Amino acid sequence: MTTTATVRRDDGSDPLAPVIGLFVEYGDSEYGGEAVTQLEHALQTATLGAAAGAPDSLVAAALLHDLGHLLHGLPDDAPDRGLDDHHEQLAARRLARIFGPDVCDPIRLHVAAKRYLTAVEPDYLARLSAPSRTSLALQGGPMSAAEVTAFEAEPHWREAVQLRRWDDEAKVAGLETPPLAAFTDVLRACLREPMQR
Ligand code: FE
């Protein structure tokens with residue numbers, strides 16, 4: 001992990017404060033029918049990325065990939081009600097203010113990566129949890145051949161697929177991980193330059 005000094009905007013505000021604040025305020029909410037909270041899921045995903053030796057930008061993306069669930073104001077069981085919350089777009093748009101495409105693209109594409117993997121890996125679908133299969137149907141189901149080609153032309157699509165695999169594993173009830181504070185230096189290292197560092 002990278003060690004950086006605390007960074008402030010010119011007006012003295014911390015660009016990460018709103019992000020950390022979302023986890024503090026809403027991190028205890030249920031992760032869409034799974035056995036972990038939103039914060040536990042985020043920390044497990046980021047821990048898997050760090051353990052795999054991923055660059056800071058992808059560890060940051062792993063930590064923040066579902067931040068949209070904390071922003072959209074829809075109920076935890078939105079997929080059971082037939083609603084696609086488009087949380088990946090919401091998070092990527094919001095985070096683009098403070099992070100670059102190496103963080104935001106994998107976040108924006110992590111739902112597409114699930115649709116991609118169901119199209120290109122025959123046994124992937126069977127390994128998905130039940131809630132994840134429910135949301136897959138709402139998200140468009142497996143990609144068509146044309147969608148696969150288009151996905152592979154996206155920037156950072158490979159990183160999105162890596163993130164997706166950690167995402168799928170990061171649902172273990174009671175698993176110990178480092179706390180959120182252990183990842184703040186990684187987040188700071190990824191802030192857009194030079195304006196906000
Ligand atoms: Fe997730």
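The values are calculated or read from the model by the stated rules, or taken from the named source; none is laboratory data. All of these numbers come straight from a predicted model, not from anything done at the bench. All Cβ positions, even for glycine, are placed from backbone atoms using ideal geometry, and neighbour counts span all protein chains on display. Just so you know, the surface numbers come from the protein's heavy atoms only, side chains and all, with ligands and any DNA or RNA stripped out. Shrake-Rupley method; radii C 1.70, N 1.55, O 1.52, S 1.80 Å.
Observations
- ³J(HN,Hα), Karplus 6.51/-1.76/1.60, whole Hz, each residue of the stretch 150-167, x for Gly, Pro: 5, 4, 6, 9, 6, x, 6, 5, 5, 5, 4, 5, 4, 4, 4, 5, 5, 3
- Expressed as a whole percent, the accessible area of the stretch 17-190 that falls on carbon and sulfur atoms is 54 (1.4 Å probe).
- Which of HIS86, TYR31, TRP157, positive extreme of dipole for the chain (C-beta unit charges): TRP157
- Accessible area per residue for the chain, computed on protein heavy atoms with a 1.4 Å probe, is 48 Å².
- For the pair ASP11 and HIS86, the difference between a 0.36 nm per residue extended length and the Cα-Cα distance amounts to 23.8 nm.
- The alpha-carbon positions of the stretch 17-190 define a convex hull whose volume is 105 Å³ per residue.
- Taking amide H as placed 1.01 Å from N in the peptide plane, the amide H of ARG192 sits under 5 Å from that of PHE99, GLY100, each at least 5 places away or on another chain.
- Qualifying trypsin sites (Lys or Arg not before Pro) in the stretch 108-137, where qualification requires a DSSP coil assignment and no more than 16 other C-beta atoms within 10 Å, are lacking entirely.
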